[in-house]
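**Student:** Mind having a look at this structure? Questions to follow.
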Amino acid sequence: MLAYVFYILSAISIGSALMMVFSKNPVHSVLYLIATFFSIAAHFIILNADFLAIVQIIVYTGAIMVLFLYVIMLLNLNSESEVSKSTIVKVAAALSAGLLFLVMVASFKESVALPVSEVVPGLGSVKNLGKVLFSEYLLPFEATSVLFLSAMAGSVLLAKKK
Amino acid sequence: MNEITSTIQVVPLEYYIFLSVTLFSIGVLGMLLRRNAIIAFMSIELMLNAVNLLMVAFSAFRGDAKGQVFVFFIMVVAAAEVAIGLAILTMIHHNRGSVDINALNKLKW
């Protein structure tokens, strides 16, 4: 039963990722990418990472993709006006991506998996992650606040008129 | 809930590795194939998500919460990166009138 859920979710994520790459209209690309992110959030749920699933939905599909849609709307890019690359570049791009895929699959095929641990209940819960985040990773957590401050200052500086 | 927690006994780790590799390669494909800079950005987001998925899978299969903390940090960095990147793209569109990657060749040697 759960294996079928995994297969269906994987089909949705791969299919909508492909549609994201191949659709001409940028708005359609954003919508397909949102579908991919939702299916990845569902993958997180079946992997017991419930906190990350919620964060994925709120941050990625809620904040980042809305930002993308807003920029596309602002720049008026929703026409299908993109000039496509030449055929030889397309073939080269498909070949390189396919070769990368082949090399990675071949290298992972020969690898030996470490022994799987037993199911830890509540591994990805807010309580457990909060304990790890605020004890072991307190300094990186504080550093991200500096990162956000600089990102905020940078975007204000970029958006300001000269 | 008991049925949900038994994923790692039903689906082997290799399947998650292959799924992440596929998503990552699709991201690389979009990066190389499209000329619209926003689509290229979205392909980068897809690659980041493929890595996130793999990290959560490893974390679940090893019973270690540190991988999920790192995914949290990756999401934070991705959010900051998108905010700055889209601001830069808007500036480029104001200055040059398009977001075509081939038009951005001022730094080309």
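The values are calculated or read from the model by the stated rules, or taken from the named source; none is laboratory data. No experiment lies behind these values; they were computed from the predicted model shown. Reconstructed Cβ throughout: ideal geometry from the backbone, glycine too, with neighbour counts over all protein chains shown. SASA here: full protein model, heavy atoms, side chains in, ligands and nucleic acids out. Shrake-Rupley method; radii C 1.70, N 1.55, O 1.52, S 1.80 Å.
**Student:** Between segment B:17-84 and segment A:87-162, what is the separation of their alpha carbon centroids in Å?
**Tutor:** 5
**Student:** Just to be sure I understand: if you take the accessible area of chain B alone plus chain A alone and subtract the pair, with a 1.4 Å probe, what total do you get in Å², rounded to 100?
**Tutor:** Approximately 7300 Å², summed over both chains.
**Student:** Something else: How do B:K108, A:K90, A:K85, A:K160 stack up against each other in accessible area, from largest to smallest, with a 1.4 angstrom probe?
**Tutor:** Result of the area sort, largest leading: B:K108, A:K160, A:K90, A:K85.
**Student:** Further question: Counting Lys +1, Arg +1, Asp -1, Glu -1, what net charge surrounds A:V103 among other residues with beta carbon under 14 Å of its beta carbon?
**Tutor:** Here the count lands on 0.
**Student:** Taking chain B as the reference, fit the longest principal axis to its C-alpha atoms, fit the long axis of helix B:66-96 to the helix C-alpha atoms, and give the angle between the two in degrees, 0 to 90, nearest 10.
**Tutor:** That works out to roughly 10 degrees.
**Student:** What does the charge add up to near B:L46, with Lys and Arg as +1, Asp and Glu as -1, over the other residues with Cβ less than 14 Å from its Cβ?
**Tutor:** Around B:L46, the surrounding residues sum to -1.
**Student:** Right, something else. Taking the Cα atoms only, what angle lies between the long axis of helix B:13-33 and the longest principal axis of chain B, rounded to 10 degrees?
**Tutor:** 10
**Student:** If a helix is a whole DSSP H run, which ones in chain A reach 24 Å or further along their own axis (Cα) and hold a mean Kyte-Doolittle hydropathy of at least -0.5?
**Tutor:** Those that pass (Cα extent of 24 Å or more, hydropathy at least -0.5) are A:2-22, A:26-46, A:87-109, A:138-159.
**Student:** At what distance in nm do the modelled label points of B:V77 and B:R96 sit from each other, each positioned 7 Å from its Cα along Cα→Cβ?
**Tutor:** 2.6
**Student:** On to the next question. Near B:L33, within a Cβ-to-Cβ distance under 10 Å, what is the net charge of the other residues, with Lys and Arg +1 and Asp and Glu -1?
**Tutor:** So the environment of B:L33 carries a net charge of +4.
**Student:** Can you find, among B:L48, B:Y16, B:I88, the residue farthest towards the positive end of the dipole of segment B:4-97? Put +1 on the C-beta of Lys and Arg, -1 on that of Asp and Glu.
**Tutor:** B:I88
**Student:** Something else about it: What value, in deg cm²/dmol to 500, does the helix sum -39500 (n - 2.57) over DSSP H runs of n ≥ 4 give at 222 nm once divided by the residues of chain A?
**Tutor:** Only helices count here, giving -23500 deg cm²/dmol.
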